[in-house]
Each structure stands twice: as structure tokens, then as C-alpha cells.
1. Which is in contact with a Pro (Cβ under 9 Å, 6 or more places away or on another chain), within 12 Å of residue 240 (Cβ to Cβ) and modelled with pLDDT of 95 or more, of 303, 351?
2. Does at least one position in region 41-58 carry a residue that is assigned to a helix (DSSP H, G or I) and either modelled with pLDDT of 95 or more or surrounded by 17 or more Cβ atoms within 10 Å (Cβ to Cβ) (or both)?
3. Hey, among 217, 224, 247, which residue is in contact with a Gly (Cβ under 7 Å, 6 or more places away or on another chain) and closer than 30 Å to residue 37 by Cβ?
4. Evaluate region 173-185: report whether one residue or more is at pLDDT 95 or above, within 22 Å of residue 323 (Cα to Cα) and buried (at least 18 other Cβ atoms within 10 Å of the Cβ).
5. Identify, please: which residue in region 308-334 is without any contact (Cβ under 8 Å) to a residue 40 or more places away in the chain and touching a strand residue (DSSP E or B) at 6+ places or on another chain (Cβ under 6 Å) and is, among those, surrounded by the most Cβ atoms within 10 Å (Cβ to Cβ)?
6. Report those helices (runs of 4 or more DSSP H) wholly inside region 71-171 carrying at least 3 residues which are crowded, with 24+ Cβ neighbours inside 10 Å and in contact (Cβ under 8 Å) with a residue 40 or more places away in the chain.
7. Would you mind finding the one in 31, 4 that is at pLDDT below 85 and surrounded by 21 or more Cβ atoms within 10 Å (Cβ to Cβ)?
8. For region 21-40, what are the residues that are over 21 Å from the mean Cα position of the chain (by Cα) and aliphatic (A, V, I, L, M)?
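The values are calculated or read from the model by the stated rules, or taken from the named source; none is laboratory data. The structure presented is a predicted model; accordingly, all values stated were derived computationally and were not measured. Cβ placement follows ideal geometry from the backbone for every residue including glycine, while neighbour counts extend to all protein chains displayed.
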Amino acid sequence: MAGLDTAPAAEAESEVPERELTMIEAINDALDVMLARDPDVVLLGEDIGYFGGVFRCTAGLQEKHGKTRVFDTPISENGIIGVAVGMGAYGLRPVPEIQFADYIYPGLDQIVSEAARLRYRSAAEYIAPMTIRSPFGGGIFGGQTHSQSPEAIFTHICGLKTVVPSTPYDAKGLLIAAIEDNDPVIFFEPKRIYNGPFDGYYDRPTKSWKGQPGAMVPEGHYTVPLGKARIARAGEALTVLAYGTMVHVAAGVAQEKGVDAEIIDLRTLLPLDIETVEKSVQKTGKCLIVHEATRTSGFGAELSALVTERCFYHLEAPVERVTGFDTPYPHSLEWSYFPGPIRVGEAMDRLLNE
């Protein structure tokens, strides 16, 4: 998509060989790199071994690295996370997969009460260096039990880091950084842009932006630092805060309407790069927040509070939010539920006309 950067210029210009990958392929590549690089890295989850995962993110990894490094588990999210916590305390770096984010709730007690607290409870004698991968969000007509976006729950928990990539380049670099991190990381993968075109569906499954031919991803090991946002599109008229699929939706609307919007891809929700957000909003004076999750108590509410607290005297209009609706996730009306071009465009118009 024209005007939408996919990698930092300095890194993009390196002489490291690159390949054009989808997000699924980039995630698979990151896991492959870390399995080969660190003997303490292990993958576990439902159907991730022989089958390669529901979305094929772990395809071929068991065959390449062996059944002790990549293995299937029973259908027990509480058990998967509990085992991973123990592995981390023992010195391994487990990467458990929860098949859909909607299924993560049975493991919530282990995540909140054990993984997030272990470093603090033991005065850093034990840690839980685990990365919990899970596809999240809509886009596949999965209905209420395969489409949820529960990121706000985890950003509320002290001791966790929460990451949402929006490009294959970032997916690989952020995942490697998460696996190497000594704290537990929730790594949500937006399934709507899993297979491409990588720049995301703009309106409906049959209509997508074709301006970006693909995502070039460096081979081998590299990291994208946790806690650092990316300016996906520079602009002066207003600031858009987004993550995951919504980065591409917002960029598509700005391109179509000719709006000089600065779009910030948060990448890491916790820790949040509030400095980049603050600098942009102080420059533009206007802020639009876009996310797919429900509105009430969504992460956008925290972003709105932070922007208001830090940039109040620079704001020329109230902070706007465009989100999913406060309803159970619909099946047949999925593409109306998404913050799409109409609602995002109307919000941009309101801010520009204030």
C-alpha cells in the first residue's frame, strides 16, 4: 500500500538476504530460527506437531527438530500453560500455542496467578520466559467462539507483555524478541492478515488493497524491540493509533480520502511506547484510536486516557475511538462489525472538521 512502511529504512537496506513471506510463513520462520539457535526453546500445543497447527504456523517443524522440541498436547489450555510455566521455571523457553484466543480463558489462572507473578513472588530466583502464541480477531467467519480480541484483559495484568504484529516483517522480529525475553509475553496474531494479501482486507473478503505486493522478510535471526511503536505512515493532520489488522484499514482509508494522517502501529501494547504517541499527538493536535475489540473497557479507553492526560493542551478536538461493537461477535454480520472504511472515514472527517 502506497505510503505504508513495512520495515525501518536502516534495516530494510541491509545486505541480509530477504524473502517475500506471508505472516504465517514469517512466524514459522521465526520459530524455526529459534529452535535451531537455542536448544532450550520448545513448542507445545494442540495439533502443532504432526499436523502443523490449524493455520499451519508450525508446519514442518516437528519433522525438522524432533518430537521432544515440537509436540502435541491434550485439549487442556490450563494444562498447556501450567506445563509451560514449569518449563520456564526449570530453565527452558517454552512457546505454547493456544489454538484460538477464544480458548485462552481456561488458562487464565495459570497466566495471571503463576506466569505473571513468578519473578516477583520469588524475588527473581525463578522466571517464566514463555511466549504464548495465539491467533486472534475476526476475518474467517468464525463466529463468537473463534473471533474474539481479548487483548485488554492481558494489558491489565502486571508482569505480562502483550504484542500484536501487523506485518510479516514485524511478526518474525517481534516473535524472536519475545522468545528471547525473560518475562512472559502474550503474542496475538491477527488471523485476518495471516495469509495475505499481507496488507489486509479493506472491506470484504473479495476486496483488498493491492498496492503492496508483499512483505520482504530478512533470513536468519533479527529482532524488533518490544515496547517500540512504528510510524507506519507519516502525516501532519491527525494521529491514528492502531495495531494488527486495523493499521492497514486505517492506512487504506487515509489513502482513499487523501487525509494527511500519521498512523502509528503500536506493535507492543504493553509496554506501550507512549513517547512516540505523545510526540505525534502534540504535533497533529488530533487523535483517532481504532481497534477491533469491543469498545467498553477496550484498550482504546486506556489510550484515550493517556493521550488526554499527556497532550490535553495540544488537543484541538476530543479523542475519537472507532471499535468493534459491544455485542457478542456476530457470524453473518462480521464485516459490519469490523471498524471499516465508512466508520473510520466518518471519524476522520469529524476530527478534521472540529
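1. Result: 351 is the single residue among 303, 351 that is in contact with a Pro (Cβ under 9 Å, 6 or more places away or on another chain), within 12 Å of residue 240 (Cβ to Cβ) and modelled with pLDDT of 95 or more.
2. No, region 41-58 contains no residue that is assigned to a helix (DSSP H, G or I) and either modelled with pLDDT of 95 or more or surrounded by 17 or more Cβ atoms within 10 Å (Cβ to Cβ) (or both).
3. It is 224.
4. Within region 173-185 (the criterion being at pLDDT 95 or above, within 22 Å of residue 323 (Cα to Cα) and buried (at least 18 other Cβ atoms within 10 Å of the Cβ)), the answer is no, since none of the residues qualifies.
5. 322
6. 77-90
7. Exactly one of 31, 4 is at pLDDT below 85 and surrounded by 21 or more Cβ atoms within 10 Å (Cβ to Cβ), namely 4.
8. Once the filter is applied, which keeps residues that are over 21 Å from the mean Cα position of the chain (by Cα) and aliphatic (A, V, I, L, M), region 21-40 yields 35, 36.
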